[in-house]
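The next block holds one structure in the form of structure tokens; read it before the comments.
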Amino acid sequence: MTAMGDSRGFYEFFAGGGMARLGLGAGWTCLLANDNDAKKAAAYLDNFGGAHFDGRDVYDLTAADLPGRADMAWASFPCQDLSLAGSRAGLGARGANAPSRSGAFYGFWRLMEALDDEGRAPSLIVLENVTGLLTSRGGADFAALCGLLAGRNYRFGALEIDAARFVPQSRPRLFIVAQKADRPLDPALVADADRLSIPSPFHTPAVRRAAEALPDDVKANWVWWRLPEPADRTLTLAGVLEKRPADHLWFSPEETQALLDKMAPLHMQRVWALQDQGGTHVGAVYRRMRSVRGKKVQRAEARFDGLAGCLRTPGGGSSRQFLILAEPDRVRVRKLGAREAARLMGLPDSYRLPQGETAALHLVGDGVAAPCVAWLARHLLDRLVAGGAGRAAA
């Protein structure tokens, strides 16, 4: 355990811009942060300094590089091979000469095994990724992760948390929380398995199916973590937007019409109906490839439910998200600004973004929503580290 007073120590792997660190808050002290992406590392250093940052590839680290004995190791490992938008090659995906993408998980896990062999394994491990991890390679990747945790004497469970519970962005993510099985466990932190037929926002059908499919020897270490449901979110997409967005973000009339022309009739009718209502209605638009009468066609699809779609890294024609404003006498379209995207991830305006808009959008689109981490820490992680003593803050 770290000798930091009431502070809890943690390692943050695949740290990106430090969004997990922001979510954990002042009650946690970062002992080591690691990410080998130079642009993300620059953002991390700009916001938190470099005293505990290591920019090497995770495979180049050894247990000797990890100071002390952390209470927790956090790993938001790369998702490209697990995401529904990616190749889904699985955790074994590797580059020609080195581990790459989601295969980097095993570089992290090698360190956890080394720490365990030295008797200083973290009492908690948190793995965060896309929900596609549950079904990647027919569930084999999820089972492999759980098997590794069980093999090192961790009890574990998974929670699916959508950032839309806290911020106006639809962003479901999977959080696997593992605790050393020899640590005290407060029964109040564990849900009653007999009541799991009652709908839960975190124990989704996908999580339940994945847990049920685990081998019996691995399933013996499964825990249904109890996490309270947050209050209804009041912030909407319109509430995070800049009052005076930069001129370069706006589409020209010709660009706007070209996007509207890509809308299916149902989506265009929705826009017209909102125009008839009066006022300004803010929505989010993605361009997607759809099959229309046997042909692949690019469509523009809008939502006006107060939420943005899931932020992505700006790497392709379908990945950039736009804003659409339906007004009685016109329809306007513009790009989502980097600061607006940061707010959709729960980042404060004091958080320093990279100077380039593309770099800033890449940083936030590849991160974890800080309010999800904060909720998880407040109601589960803090209490697990404390051995179940005390109560979560009101």
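The values are calculated or read from the model by the stated rules, or taken from the named source; none is laboratory data. Since we're looking at a predicted model, the values are computed, not measured. Don't worry about glycine lacking a Cβ; one is built from the backbone with ideal geometry, like all the others, and counts go over all protein chains shown.
Of all residue pairs spaced 6 or more apart or on separate chains, those with beta-carbon atoms under 7 Å, a first member in the range 101-112 that is modelled with pLDDT of 90 or more and a second member that is in a helix (DSSP H, G or I) are GLY107/VAL58; GLY107/TYR59; PHE108/VAL58; TRP109/LEU148; LEU111/ALA63.
Every residue, every condition in (1) assigned by TED's automatic domain parsing to the domain that holds LEU149; (2) over 30 Å from VAL285 (Cβ atoms); (3) part of a helix (DSSP H, G or I), yes or no:
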residue: PHE202; (1), (2), (3): yes, no, no
residue: ARG208; (1), (2), (3): yes, yes, yes
residue: ALA211; (1), (2), (3): yes, yes, yes
residue: ASP217; (1), (2), (3): yes, yes, yes
residue: LEU227; (1), (2), (3): yes, yes, no
residue: ALA238; (1), (2), (3): no, no, yes
residue: HIS248; (1), (2), (3): no, no, yes
residue: GLU254; (1), (2), (3): no, no, yes
residue: GLN257; (1), (2), (3): no, no, yes
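Can you tell me which residue among GLY68, GLY16 is at pLDDT 90 or above, part of a loop (DSSP other than H, G, I, E, B) and buried (at least 21 other Cβ atoms within 10 Å of the Cβ)?
Numbers: GLY68 fails: buried (at least 21 other Cβ atoms within 10 Å of the Cβ).
Just a single option satisfies the conditions, and that option is GLY16.
Is it the case that the range 243-255 has a residue that's surrounded by 14 or more Cβ atoms within 10 Å (Cβ to Cβ), closer than 24 Å to GLY356 by Cα and of a type outside the set (A, V, I, L, M, F, W, C)? Yes - at least one qualifying residue is present in the range 243-255. Collect the residues in the range 324-337 that are farther than 16 Å from ASP261 by Cα, out of contact with any helix residue (DSSP H, G or I) (no Cβ under 7 Å at 6 or more places or on another chain) and either surrounded by 20 or more Cβ atoms within 10 Å (Cβ to Cβ) or not acidic (Asp, Glu) (or both), keeping them in residue-number order. Across the range 324-337, the qualifying residue is only LEU336. Residues in the range 117-136 that are within 23 Å of ASP217 (Cα to Cα), surrounded by 17 or more Cβ atoms within 10 Å (Cβ to Cβ) and free of Cβ contacts under 8 Å to residues at least 60 places away in the same chain: ALA121, ILE125, LEU127, LEU133, SER136.
Condition check ((1) within 21 Å of ARG233 (Cβ to Cβ); (2) surrounded by fewer than 16 Cβ atoms within 10 Å (Cβ to Cβ)) across all residues:
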{"residue": "LEU266", "(1), (2)": "no, yes"}
{"residue": "VAL271", "(1), (2)": "no, no"}
{"residue": "GLN277", "(1), (2)": "no, yes"}
{"residue": "ALA284", "(1), (2)": "yes, no"}
{"residue": "ARG287", "(1), (2)": "no, no"}
{"residue": "ARG303", "(1), (2)": "yes, no"}
{"residue": "PHE322", "(1), (2)": "no, no"}
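Of the strands (runs of 3 or more DSSP E) contained entirely in the range 261-349, those carrying at least 1 residues that are among the aromatic types (Phe, Trp, Tyr) and within 25 Å of ALA369 (Cβ to Cβ) fall at 281-292, 322-327.
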